[in-house]
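Report on one structure; see the data block that follows.
The values are calculated or read from the model by the stated rules, or taken from the named source; none is laboratory data. All values reported here derive from a predicted model rather than from experimental measurement. Cβ placement follows ideal geometry from the backbone for every residue including glycine, while neighbour counts extend to all protein chains displayed.
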Amino acid sequence: MSIGGIIGIVVAVAFILGMLLSGIRIVRPTHRGLTERLGKYNRFAEPGFHLIIPVIEHMYKVDIREMMVEATPQMIITNDNLNAQVDAQVYLKVKPDEENVKASQYNVTNYKYQIVNLARTTLRNIIGTLTLKSANSERGKINAELRQTLLEETSSWGIEILRTELKEIDPPTDVQETMNKVVKAENEKVAAVDFATATETQADGQRRAEIKKAEGIKQAKILQAEGEAQAIALVNEAADKYFIGNAQMLRKLEAVEKALSQNAKVVVPGDTQLINVIGELAGISQTPKTPATTPPPPPPAARR
């Protein structure tokens, strides 16, 4: 064989090997492949090794992982004629089965770009019917309504809308300052009401404590009075039993006992017995003095 023939064989083998190598396609688990032959869909490629015919066949790989597309910030006029800057994010992914992967490539030109514009339009329609305050307080409702609208509008795109998130709903600076002042005033009002309630509760507690204290003092006095009354009754009973008809004398004796217990000075005349002095203090008549016995005069002498 001539050298030219050998060279021709080598070139042919190299060409065939080059064609085979250029036809090798590896599909990762995060992708799916669509193989077209002469511009017409031919077969679906799962993850793994695949071989296509170069020039005649082409494989287009589609990412099926979750992705986030951001709706660029836009100014929206709310229902109360306030401008609000709104920004949102949409999380989505291509469904991994063959029909949905085909739909994501053949039913829509660029689903990422179109989903952004659809989200912006939907947000204008939703927030335009709400006041700024309600838009801020109903973020969950707005997210749910936005996701539901995107699901309905993209049902033929082969994608799944996982969730939507409002990043911000910011009013103009002057409106934000006014809202901050209103919130601060409301917080101060709530704090003042709480303080007044606490003060009232404390005052009510003190009033109840004073009432309880007064009731205790009253009850103590009642018990003391009842005790004194019982003591007097017992004294009277004893007086009636042991000093019948001399109750007044008993009281006077008690007065004398009290005076003597207080170290009162009693002047006793020299010719008066102590018992008579005590008797006079008690209102008792003095003990009559026994007259001194004088011897009878001697009988006269007998006349002689």
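Please tell me if residue 107 is over 26 Å from residue 171 (Cβ atoms) and either modelled with pLDDT of 90 or more or of a type in the set (A, V, I, L, M) (or both).
yes
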- Going through the stretch 153-165 in order, the residues found to be surrounded by fewer than 15 Cβ atoms within 10 Å (Cβ to Cβ) and among the hydroxyl-bearing types (Ser, Thr, Tyr) are 155, 156
- Query: Out of the residues in the stretch 135-152 that are free of Cβ contacts under 8 Å to residues at least 40 places away in the same chain and within 27 Å of the chain's Cα centre (by Cα), which is surrounded by the fewest Cβ atoms within 10 Å (Cβ to Cβ)?
  - Reply: 140
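Any residue at all in the stretch 84-99 that's polar (S, T, N, Q), surrounded by fewer than 17 Cβ atoms within 10 Å (Cβ to Cβ), modelled with pLDDT under 90 and within 43 Å of the chain's Cα centre (by Cα)?
Start the filter on the stretch 84-99 by keeping residues that are polar (S, T, N, Q), which leaves 85, 89.
Applying the additional criterion that residues be surrounded by fewer than 17 Cβ atoms within 10 Å (Cβ to Cβ) yields 85, 89.
With the extra rule that they be modelled with pLDDT under 90, the set shrinks to 85.
Restricting the remaining residues to those that are within 43 Å of the chain's Cα centre (by Cα) gives 85.
Yes, that holds for at least one residue.
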- Item | First in the stretch 44-61 and under 16 Å from residue 106 (Cβ atoms), second anywhere and outside any strand (DSSP E or B), Cβ under 6 Å, 6 or more apart | 44/98; 59/52
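Out of the stretch 151-175, which residues are within 16 Å of residue 87 (Cβ to Cβ) and not polar (S, T, N, Q)? It would help to see each step written out before you state the result.
Narrowing the stretch 151-175 to residues within 16 Å of residue 87 (Cβ to Cβ): 163-172.
Matches in the stretch 151-175: 163, 165, 166, 167, 168, 169, 170, 171, 172.
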- Note on the structure: Given the conditions (1) part of a helix (DSSP H, G or I); (2) of a type in the set (Ser, Thr, Tyr); (3) over 18 Å from residue 68 (Cβ atoms), every one holds for residue 122 apart from (3)
- For strands (runs of 3 or more DSSP E) lying entirely in the stretch 1-100, having 1 or more residues that are touching an Asp or Glu at 6+ places or on another chain (Cβ under 9 Å) and not hydrophobic (A, V, I, L, M, F, W, C) picks out 31-37, 40-45, 57-63, 67-77, 83-94
- Please work out which residue is nearest to residue 76 (Cα to Cα), limiting yourself to the stretch 101-134 and to residues that are under 31 Å from the mean Cα position of the chain (by Cα) and surrounded by fewer than 17 Cβ atoms within 10 Å (Cβ to Cβ). 131
- Item | Residue ID - modelled with the highest pLDDT, chosen from residues in the stretch 52-78 that are loosely packed, with under 13 Cβ neighbours inside 10 Å and farther than 30 Å from residue 168 by Cβ | 56
- Message: Checking residue 162 against (1) in a strand (DSSP E or B); (2) under 20 Å from residue 77 (Cα atoms): exactly one of these is not met. Which one?
- Response: (2)
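Tell me, yes or no, whether the stretch 26-33 has at least one residue that is free of Cβ contacts under 8 Å to residues at least 60 places away in the same chain, hydrophobic (A, V, I, L, M, F, W, C) and surrounded by 14 or more Cβ atoms within 10 Å (Cβ to Cβ).
So the first thing to find is which residues in the stretch 26-33 are free of Cβ contacts under 8 Å to residues at least 60 places away in the same chain, and the list is 26-31, 33.
With hydrophobic (A, V, I, L, M, F, W, C) added as a condition, the list becomes 26-27.
When the remaining residues are screened for being surrounded by 14 or more Cβ atoms within 10 Å (Cβ to Cβ), the result is 27.
Yes.
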- Message: I'm told residue 65 meets every condition in (1) touching a residue at least 24 places away in the same chain (Cβ under 8 Å); (2) within 30 Å of residue 136 (Cα to Cα) except one. Can you identify the failing condition by its number?
- Response: (2)
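Would it be correct to say that residue 54 is farther than 30 Å from residue 132 by Cβ, in contact with a Leu (Cβ under 9 Å, 6 or more places away or on another chain) and not assigned by TED's automatic domain parsing to the domain that holds residue 118?
Details: farther than 30 Å from residue 132 by Cβ: yes; in contact with a Leu (Cβ under 9 Å, 6 or more places away or on another chain): yes; not assigned by TED's automatic domain parsing to the domain that holds residue 118: yes.
It is true that residue 54 is farther than 30 Å from residue 132 by Cβ, in contact with a Leu (Cβ under 9 Å, 6 or more places away or on another chain) and not assigned by TED's automatic domain parsing to the domain that holds residue 118.
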- Message: Take the residues in the stretch 34-51 that are surrounded by 11 or more Cβ atoms within 10 Å (Cβ to Cβ) and of a type in the set (Gly, Ala, Ser); name whichever of them is farthest from residue 117 (Cα to Cα).
- Response: 48
